[in-house]
Amino acid sequence: MTPTQRKTKQEMVAEFRVTEILDAARKVFAQKGFSETTVDQIAEEAGVAKGTVYLYFASKRDIYFAALREGAKRMSEILRRNIDAAGTVEQKLQAYFDTKLRYINENLDFFRILHAEFGTCLHAAALDKEIGDLIRAQVQFIADVLRGGVASGELRPVAVEAVAWALSEMTRGVAVRRVLGWTQNPVEDDVAELTRFAWNGIRNDNETL
């Protein structure tokens with residue numbers, strides 16, 4: 001980074017404040033839901049004045065979607081990096097499951113509000129476009145893995161898009177069970193089971209178990 005690209009102190013302070021506000025917002029939204037949350041509660045949780053919140057966000061709705069977008073973007077970046085770093089198709093599947101479950105496990109407030117928003121959305125127009133694009137991009141990460149596996153012969157021919165969405169929903173189901181406290185399984189155990197189930201279902205029949 002050149003000197004002209006360095007952030008000013010004001011920009012750094014603004015980024016810090018926005019991060020504080022969004023972290024607080026995810027916590028409050030996860031506890032109370034969108035309708036019962038107020039900007040005053042978010043400001044109190046963030047330890048800032050209500051006026052400070054309005055310096056960066058025009059409304060509660062803006063805060064809500066900004067909190068979701070930031071979390072979804074961060075997860076997408078980590079997911080892409082970890083899948084790319086994995087070797088075989090089976091290892092890439094494992095990286096997909098492992099990254100998503102660990103990220104959710106470490107960011108439960110983000111997942112609670114994402115699930116509340118996306119899990120009950122029955123019309124694409126009702127979902128924030130950028131969040132919808134990020135969710136679809138994450139599914140495409142695994143769809144690309146499946147296409148590569150079919151092309152290399154590691155996987156049998158499958159309906160790539162349908163299977164990719166099924167794997168995404170399967171992961172979300174396991175995450176919901178973890179968030180609700182209905183399992184105490186270590187993350188690695190759930191990852192191993194998901195990987196085994198997925199791999200045995202789509203591997204090439206010439207591969208050995």
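Please treat every number below as a calculation from the coordinates, not as lab data. All of these numbers come straight from a predicted model, not from anything done at the bench. Note that each Cβ is placed from the backbone with ideal geometry, even for glycine, and that neighbours are counted across all protein chains shown.
Here are some notes:
- Just so you know, the averaged projected area of the alpha carbon convex hull for the chain sits at 14.5 nm².
- Stretch gain in nm, segment A49-A162, where the contour uses 0.36 nm per residue and the Cα spacing is subtracted: 36.0 nm
- Label-point separation, R102 to Y56 (7 Å along Cα→Cβ), nm: 2.7 nm
- To the nearest ten degrees, helix 108-118 and the longest principal axis of the Cα atoms of the chain are 80 degrees apart.
- Put in line by how crowded their Cβ is, counting other Cβ atoms within 10 Å and starting with the fewest, I21, I83 read I83, I21.
- Phi to ³J(HN,Hα) by Karplus 6.51 cos²θ - 1.76 cosθ + 1.60 over the range 14-25, Hz, x for Gly, Pro: 4, 4, 5, 5, 4, 4, 4, 5, 5, 4, 5, 4
- Checked against a 20 Å cut-off, the cross-linked pairs K50/K129; K92/K129; K73/K100; K27/K92 give Cα-Cα distances beyond that limit for K50/K129; K92/K129; K27/K92.
- Once the Cβ-Cβ distance of S152 and T183 is raised to the sixth power relative to R0 = 41 Å, the FRET efficiency obtained is 0.75.
- Cα centroid of the range 154-176 to Cα centroid of the range 72-96, whole Å: 14 Å
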